[in-house]
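Visitor: Below are the structure tokens for one structure; questions will follow.
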Amino acid sequence: MKENEIKLTIPSSLQNISIIRAMIKAYFEHEHVDKGDSFQLLTVIDELSTNVVEHGYKYSRGNIIIRIEKEDHVISLVVEDNGIGFDDSKLSKEEGGLGLQIARNVADTFTIEKKENGTMFRLKKKIREVV
């Protein structure tokens, strides 16, 4: 792992989303991410983590895996699960619920990758820094 990269693996539950939020918020503060950008990215992380709990694991046991890195003025974020995977038959990857729309609107790039077991959400966003 790189010096400014973190990886969280936390049990999948709605109760743990506040823990994820607090840990990522502390990371953003440490990395001097602008509060507006931090708020937007935290909202995306909340939405994607909720999707993992609700759709990836259907409220059963599993882990939410989050990797985040700041390089130059860009945040790279990955939220993934090892659950049932993105259901291609219900929605196209360009559609989706409100959480996916929020992620697309906030991110400069956003992709959804279906894994053999689970789904991986990747996004990048250029951010402002505060000193």
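Visitor: What about Ser60, is it small (Gly, Ala, Ser), closer than 23 Å to Ile127 by Cβ and surrounded by fewer than 19 Cβ atoms within 10 Å (Cβ to Cβ)?
Guide: Numbers: small (Gly, Ala, Ser): yes; closer than 23 Å to Ile127 by Cβ: no; surrounded by fewer than 19 Cβ atoms within 10 Å (Cβ to Cβ): yes.
So Ser60 fails the test.
Visitor: Which numbered condition in (1) outside any helix (DSSP H, G or I); (2) at pLDDT 95 or above; (3) surrounded by 15 or more Cβ atoms within 10 Å (Cβ to Cβ) is the only one that Thr9 fails?
Guide: Result: Thr9 passes all but (3).
Visitor: Return the pairs, sorted by first residue and then second, in which the second residue is of a type in the set (S, T, N, Q) and part of a helix (DSSP H, G or I), the first residue lies in the stretch 96-111 and is in contact (Cβ under 8 Å) with a residue 24 or more places away in the chain, the beta carbons are less than 8 Å apart, and the residues are 6+ apart or on different chains.
Guide: Close Cβ pairs satisfying both conditions: Gly97/Asn51; Gly99/Thr50; Gly99/Asn51; Leu100/Asn51; Ile102/Thr43; Val106/Gln40; Val106/Thr43.
Visitor: Looking at the stretch 17-38, which of its residues are surrounded by fewer than 16 Cβ atoms within 10 Å (Cβ to Cβ) and in contact (Cβ under 8 Å) with a residue 24 or more places away in the chain?
Guide: Arg21, His32, Asp34, Lys35, Gly36
Visitor: Could you list, in sequence order, all residues of the stretch 111-131 that are touching a His at 6+ places or on another chain (Cβ under 9 Å) and not acidic (Asp, Glu)?
Guide: Matches in the stretch 111-131: Thr119, Lys126, Ile127, Arg128, Val130, Val131.
Visitor: List the number of the failed condition for Asn82; all other conditions in (1) at pLDDT below 95; (2) in a loop (DSSP other than H, G, I, E, B); (3) not charged (D, E, K, R) hold.
Guide: Unmet condition: (1).
Visitor: So for the stretch 22-44 (the condition being part of a strand (DSSP E or B) and either in contact with a helix residue (DSSP H, G or I) (Cβ under 8 Å, 6 or more places away or on another chain) or of a type in the set (Phe, Trp, Tyr) (or both)), does at least one residue qualify?
Guide: Yes, that holds for at least one residue.
The values are calculated or read from the model by the stated rules, or taken from the named source; none is laboratory data. On a predicted model such as this, the values are computed, not experimentally measured, just so you know. All Cβ positions, glycine included, derive from the backbone under ideal geometry; neighbour counts span all protein chains shown.
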